Structures are given as structure tokens and as C-alpha cells.
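The values are calculated or read from the model by the stated rules, or taken from the named source; none is laboratory data. This is a predicted model, so every value here is computed, not measured. Glycine also receives a Cβ, built like all others from the backbone with ideal geometry; neighbour counts cover every protein chain displayed. Accessible surface is based on the protein model in full, side chains and every heavy atom, while ligands, DNA and RNA are left aside. Shrake-Rupley method; radii C 1.70, N 1.55, O 1.52, S 1.80 Å.
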Amino acid sequence: MSRFYLTTAIDYVNSRPHLGTAYEKVTADVIARYQRLRGVETNFLMGNDEHSQNVHRRARELGLDPIAYCDQMEAEFRTVWRTLDVSFDGFIRTTEPRHRAGVTRMLDRIAARGDLYEGFYEGWYCVSCEAFKQEKDLVDGKCPLHHVEPKWLREKNHFFRLSNYRDALLSHFEAHPEFLQPEVRRNEILRLLEGGLEDISVSRSGQAWGIPMPESPESVVYVWFDALINYASGVGYGTDESRFDAWWPADLHIVGKDITRFHSVFWPAMLMSAGVALPRQVFGHGWVHHRGERMSKTLGTTVDPLEAADRFGVDPLRLYLVKEIPYGQDGDFAYDRFEERYNVDLANNLGNLVSRVATMADKYRGGRLPATTGEPGRLPGVVEAVVARYTAAMDRLALHAAAAAAFSLVDAANEYITETEPWALAREPAQAKRLSQVLHETAEAVRIAAVLLSPVMPASAEAVRARMGGPSATARRFDEATRWSTASERTVVLGPALWPRAEGGRLPGTHDTGKARTMTDTEKDHADESRPASEAAPPAATPTPPQAEDPRITFDAFMEIDLRVATVLAAEKVEKSRKLIKVEVDLGTERRTVVAGIAEAYAPEDLVGRTVVVVANLKPAKLMGIESNGMILAASLEGGIPALVRFDDPPPPPGTRVR
Ligand code: MSP
């Protein structure tokens, strides 16, 4: 059986995890779960980085012994990861003896290679980065990442001959383009290597908090040198060589873009010097922003991951983080956007689909769908294409594209219901066989969508699967689990809405107490699935998503949407956003600001003077801090660039109603 060794950065424990650090663990967890689903023996390592000065300071502020403080923080971190369903296999702390053994061993090897020497370091040091800084790295005298003034240090240090490894690193980057991804990070580091490397300090003097330097116990090992070695000591380096041989080299280090340099320059150089193989890949993900700033405890711009999960559920949060932030790029987290995506993807789309299939199967077939015998419809072909797109995306770590592929199957299943009109088939006795087949095929497509979503939404995927019948999503290997099968009878089970529609920032029923639906509720729902339909708990006494069999809306419902012709008066790109343009439109009777996601297809200057169609009675929403009053209509294929809806020449005047 093949193996996969995956790691995340280990976290400083001077405060609890925030949604930015949680993002990294959740996305790594998706990769780990995908590998396990493929039948690959997986080792997913996480941990805590405890020898930082800030950790020591925080413990002292609380009047605690640093180790006692770190013990408490370990418990807190583990609680967060457990709540977020992060399925790590190993957890390492840098204060553990096994880690100290690994660090000592690697330093001994590096020293034996002649790559350590004593010298003086004089220069800047940012304690929040735990990094030596050059004057050119500072902005207005401050660290640009933490907006704090670094300290001026002058101390006796041990240096590592990093400069000796520049050529070897460049050759490695050339021979292994996959070593550092995404491409933007690789290019950044290539430029850095081409500019030459200076030797780096690997010890700090005058400090007691850290691992003593072998041969110079008055100094401690520089915290980054110490921390990077966790990836090796976590699988036995220095304590269990046969375990180390079994897992090393690591297949993938997942880290944030701010620390890619440590992982793709220092770490491989350290390994080369110590005569240890290099990891196969480092992936530098982007940052999660909140209110336009990187989420950071130093900057005070954090969101509590447990609070976010409590709002609409753990799996909806995981889905948001994975699907809405292209992996490798920066993305934003805001509660209103989270609510919007929850309603669109889960309440209205997947949740409603599950309800529709279960309701129809129950109503027309008592929940039992016989094995199909007729020529299948178009869904098996869609499944095949979607699974291919999904695996290709997962394999190149485009996690967002994989999630989008899974949702395109959900869309296809919804469309299939619309096309085949099971409610109409049910009225014609001659179509009985066809009705069973349509329902069975739709249930099978939804089951496969659940398999594809299982790395992202493990508990929910199993809940969907349980309703749609068929074997457990995780009980079988990926190839088998995604193979189309309607050859045996299946039982589809009715149950309460999996994702009731959220309003005003809350799920229904949570306004009074202020308590949101949590994991426990999801688990409760799940427990209901295992009971036969006749015993299933009645739907929660809360508004549930529309479950009508006929998805068509009335003429009156359509007329409620106020579509208007508008002329673009001004347009400008929204700062720090790839997709958004702020557009001023003339609606005939008033001027409006609308934020439109069309920047990938249109330059702002090309929009001015154009005639567009605006949804004029949409509730305002804030996008990147700008209030958008309406929506500009555009067509966009999944993953493609948008195309604005336009009129023949001459266009109607602004304010004209579109219907
Ligand atoms: N202890 C070091 C890593 C040592 S690894 C050998 C460290 N710790 S950290 O707690 O500051 O950050 C842990 C991880 O979270 C890093 O990969 C970092 O890039 C990531 N993130 C911190 N803030 C983040 C966001 N706002 N968004 C996404 N990831 C973020 O660095």
C-alpha cells in the first residue's frame, strides 16, 4: 500500500488558534482525508511550537511555569482541532524529549559537516516573526507583517553556512518544479535564491527557554531551527530510525505564505547538510483576511473558529474555507458572506436536493427504489466527468476546484429532476418504471456527490449518504465508492432538513437563546438517519427549505424580482480583490453603487457607458467593506469568466423594466 506523510506548520501557543491558523489545519485535513479515501496509508502530523519568546512571556504574564502553560494550551488546541473534525494522526510539541533528541542529532550532523561556526549577530529581530530582519525588510522601521518595531540585537551566535547551499537549492528547484507550489511562491523564492543567500544564526544567547545548543549549553537553538526539525522528529528522527525510514521523506508540508521561505530554503539546506532526503513538496497557502487585514493575533483581527463553527455548523465552515478561498490565494472571511454561502450551497442547493429526492422516493415508492433495468439517463456520464475533474483538481491541490466539481454534480442532479419531472411521471401509470429509475439515478448521483464532499464535510457527507441509501461513503475505497451503481434496490430515508435556511446571521430557532446550531445537532440529525423512515424524528419546528416537488416558480414570484436597465456611470477595481469591481449605475430614477464580480473579464474603463441589467430590489450586502445595492446580471460557466447580459443596439433607456 502506498504511503503519504503530510504535515502542517506547528503553531505558536501564545494564544488560542484563530480562523487563519484553523484554515491551514482544515485544508490539510481535507488532503489527508482524500488520501485515506484513495486507500493510501496516511500520516498527518500537526503540533505546537513552544520555544518562542512570546510563549515564554505569555506564561510569565499569567504567572505560570512555561511548561504548565504549554500543557494547558495543548489541551485547548486539541479541543479546537477535535471540534473542527481535524483528523491528525500525530501531534508533536517541541518541548518533548523525542523532539529534543531529533534536534540534537540534526545539529550534530550539521556540525560534523563543518556547516556551523561561531560569530556575532548584530541587527534587527522581530519577536512576533521570531526572525532576523534586514533593514530592507522593514516598512517605516516596522515589521510589515506585525506592524511592530523589531528589536536591535547584538549577540554571540552560532551560524549555519546557508550560503553554501544556494547552488544546490537552485538545482533542486530546477529539477523539481513541484518542490515548491503554487507557482507564485516558487517564483518568489527563485528570485530570492538568484539574489544569493547569507548565512543565518541558529542559536540565541542570553535565553534559557529553548533547547540547549549541543557543546554550548549557555545558548539555545534558534526557535525556527528547532521548530522545522519537528517534521523529522515527529516520525522518529533521533529516536526511532526504522519509523523514520518508513515515513521519510515527507510528501507534503502545508504552510502559510509568510513562512514559505523557512520551509523551502532553510529547511532543505539543513537537510542537505545533515545528509537527509528532502521533502517532496512544500505548499504555501494564502492568508485568510478579516475586514481587509490578514487575520492575526498580533494585529487583533482574529475570528474565533469555534464561534464561526457554532454559527452554522462545523461542516458549513469547512466548506466555506475550502470552496470560497482558491487554495494558494488569499481570501476573506465575513459572517454575512458565510451566511450567504451557507444558504446558497447548503440550505437551498444540496439540502433541498436531498429533501426533494427523499420526499419523492417516500411519496411515490415508500422510500424503496428498485434496481434499475432500463437504459440509464445522462447522470452516469456527468458523474464520470465530474469525478475526473475532481481527482485532477485534488491531485494538483486545487481544493476549491474539487469542491466546486462536487457541487456541479449537485447542480446536475437538481437539473435532472427539473428535466425529467418525476411529479409528472407519477401521474402516468405507464411511466412507473421510468419514475423509479429517475429517482434511483438521482439518489445515486447525490450519493456520489456526498463521497466527493466527504473529505471537506465528513459528518454531513455521511448524513447525506445515509439518506440516499447505498454503502457508507468512507467505508469503501474512492474508485469503488464513486462507481455508478443502481443495480440493487436501495432505501432512501426521509429526515429533518439537514441545513435549515439561516436568516439575520442565525439559524432558525437560535435567535432567543443566542445559541447557534452546533455539531451536536448535526450528530443528532445523523442519529435520526439510522432509524427507518417511519420512526424518523419529525422535521424540526423551524422553517425548512422549500421541499416542493415542482421546482417551478409562479409568475407572481418571478415578478417580485425587479430587473432594470441601467447605465454604468463610473467603475473602479476593488482594492485587494481579484474579482470585484465597484460600479456606479444610473437606474433612471436614482444612482446606485453595485459591487460586481466581473473584474476577471472586464476592465473598469471598458464598463463606463455600457448598458447592463440590474436586480434592483436586492437587499444590500457588504462586499470587501463596500455596500452593494443590487446585482449586475452576467452569465458565468463554472470556473469560467463572466459575460455581461447585453441588449441589441440601441439599448433601452435606464430604468426600463426587464421581464
Ligand atoms: N510556529 C511557526 C511555524 C513553525 S513550522 C515549523 C508559526 N506559527 S503561527 O502560529 O504563527 O502560524 C501557524 C500557521 O498558521 C502558519 O503556517 C501561518 O502561515 C498560518 N497562518 C497564520 N495566520 C494565518 C492567516 N490569517 N491565514 C492563513 N494562515 C495563517 O508561524
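For this structure, a couple of remarks:
- Between amide H atoms placed 1.01 Å from N, distances below 5 Å from Leu153 occur with Gly123, Trp124, Tyr125, all of them 5 or more places distant or on a separate chain.
- Carbon plus sulfur fraction of accessible area for the range 266-409, probe 1.4 Å, in percent: 50 percent
- Interchain or long-range residues, amide H under 5 Å from Phe91's placed H: Met46
- Nearby lysines by direct alpha-carbon distance to Lys363 (threshold 17 angstrom, same-chain neighbours under 8 apart not counted): Lys433
- Under the span-like rule (Cα at least 20 Å along the axis, Kyte-Doolittle mean at least 0.5), DSSP H helices of the chain: 379-395, 399-420, 432-453
- Sequence ranges 386-394, 611-619, ranked by mean other-Cβ count within 10 angstrom, highest first: 386-394, 611-619
- Listed peptides 100-107, 217-224, 67-74 by packing density, highest first (mean Cβ within 10 Å): 100-107, 217-224, 67-74
- Take every Cα pair under 8 Å whose residues are at least 6 apart in sequence, average their separation, divide by the length of the chain, and the relative contact order is 11 percent.
- Applying both filters, DSSP loop and at most 14 other Cβ atoms within 10 Å, to the GluC sites (Glu not before Pro) of the range 592-659 gives Glu600, Glu638.
- About the Cα centre, charge dipole magnitude for the chain (Lys/Arg +1, Asp/Glu -1 at Cβ), debye: 580 debye
- Computed over the range 36-123, Cα set: Rg, Dmax in Å: 17.6, 52
- Remark on the chain: Cys70 stand apart, with no other cysteine beta carbon under 4.7 Å.
- Loop GluC sites (Glu not before Pro), the range 81-182, which have at most 12 other Cβ atoms in a 10 Å radius of their Cβ (DSSP): Glu178
- Other-chain or far-sequence residues with amide H under 5 Å of Val493's (modelled H): Met468, Gly469
- When the Cα positions of Gly63, Tyr364, Gly495 are compared along the charge dipole of the chain, Tyr364 comes out farthest toward the positive end, with charges on each C-beta of Lys, Arg, Asp and Glu.
- When a 1.4 Å probe is rolled over the protein heavy atoms, the share of accessible surface on the range 1-112 that falls to carbon and sulfur comes to 48 percent.
- For the range 90-114 and the range 170-220, distance of Cα centres in Å: 16 Å
- Calculated FRET efficiency for the pair Lys573/Val344, C-beta based, R₀ 25 Å, to 0.05: 0.50
- Highest mean packing first, where packing is the average number of other Cβ atoms within 10 Å per residue, the peptides 423-433, 347-357 line up as 347-357, 423-433.
- Pairs of C-alpha atoms in the range 290-401 farther apart than 19 Å represent 65 percent of all such pairs.
- The chain: Cα Rg divided by the 2.2 N^0.38 Å rule of thumb: 1.07
- Longest to shortest principal axis, alpha-carbon extents of the range 107-237, angstrom: 42, 41, 27
- Segment Thr373..Asp71, full-extension length gain: 102.7 nm, with 0.36 nm per residue of separation and the alpha-carbon distance subtracted.
- Once the 1.4 Å probe is applied to the protein heavy atoms, the range 283-323 comes out at 29 Å² accessible per residue.
- Note on Asp479 and Leu618: the model spin-label points, each 7 Å out from Cα along the C-beta direction, lie 4.5 nm apart.
- Calculated accessible area for the range 1-52 comes out at 22 Å² per residue, all protein chains present (probe 1.4 Å; ligands, DNA, RNA ignored).
- Mean residue ellipticity at 222 nm, helices only, the chain: -11500 deg cm²/dmol; runs of at least 4 DSSP H residues each add -39,500 (n - 2.57), and the sum is divided by the number of residues.
- Two-site FRET efficiency, Ala557 against Arg78, from Cβ-Cβ distance with R₀ of 41 Å, rounded to 0.05: 0.25
- Distance from the range 584-640 to the range 1-59 (C-alpha centre basis), Å: 39 Å
- If you bin all the Cα-Cα distances of the range 395-445 at 10 Å, starting from zero, the percentages per bin are 24, 38, 21, 12, 4.
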